[in-house]
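> Sending over a structure as structure tokens; questions will come in a sec.
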Amino acid sequence: MGGYLEVAADGVYLAVRVTPKSRRPGIGGIGDGTNLAVAVNAAPEDGKANDATIAALAEFLGLPKRQIALVKGATSRLKRFKIAGAPEALRKTIEGKLA
């Protein structure tokens, strides 16, 4: 398991590096080994990039947006998200999508 993913009792935490105002939005994999790379079209103002990142993660993982919450880094490119749910199932899903 990489440094980008931490299993908790009621879900998982993801370390994410966000690139706002990207021409090519999407999930780019684990670029530096410690953060999941996510690029979004939204600008980093008024929480738009954070909302777009949650939407991108939800779509990528096939989960509802309400299961994903920003817990750290609201104004930083380096963010930490909590994804609620069965921890092992989430871990397998995330690692499987990134393999």
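Just so it is clear, none of the values below were taken in a lab; they were calculated from the coordinates. Bear in mind that the values here come from a model prediction, so they are computed numbers and not experimental data. Note that each Cβ is placed from the backbone with ideal geometry, even for glycine, and that neighbours are counted across all protein chains shown.
> How far is helix 48-61 tilted, in degrees, relative to the longest principal axis of the Cα atoms in the chain, given as a value from 0 to 90 rounded to the nearest 10?
Rounded to the nearest ten degrees, it is 40.
> Mean shadow of the chain, computed from the convex hull of its alpha carbons, in nm²?
Mean orientational projected area (the chain, Cα hull): 5.6 nm².
> Based on Cβ point charges of +1 for Lys and Arg and -1 for Asp and Glu, what charge dipole magnitude is obtained for the chain about its Cα centre, in debye rounded to the nearest 20?
With only Lys, Arg, Asp and Glu charged at Cβ, the dipole is about 220 debye.
> Here is a further query. I'd like the orientation of helix 87-98 relative to the chain: the angle between its Cα long axis and the longest Cα principal axis, in ° from 0 to 90, rounded to 10.
50 degrees
> Modelled label-to-label distance, residue 66 and residue 45, 7 Å Cα→beta-carbon offset: nm?
3.1 nm
> Compute the relative contact order of the chain as a whole-number percentage, counting only Cα pairs closer than 8 Å that sit 6 or more residues apart in sequence.
Relative contact order of the chain: 31 percent.
> Using 1/(1 + (r/R0)^6) with R0 = 25 angstrom and r between the beta carbons of residue 75 and residue 6, what's the FRET efficiency to the nearest 0.05?
According to the calculation, E is roughly 0.70.
> Calculate the FRET efficiency for residue 37 and residue 84 from the Cβ-Cβ distance with a Förster distance of 25 Å, rounded to the nearest 0.05.
0.65
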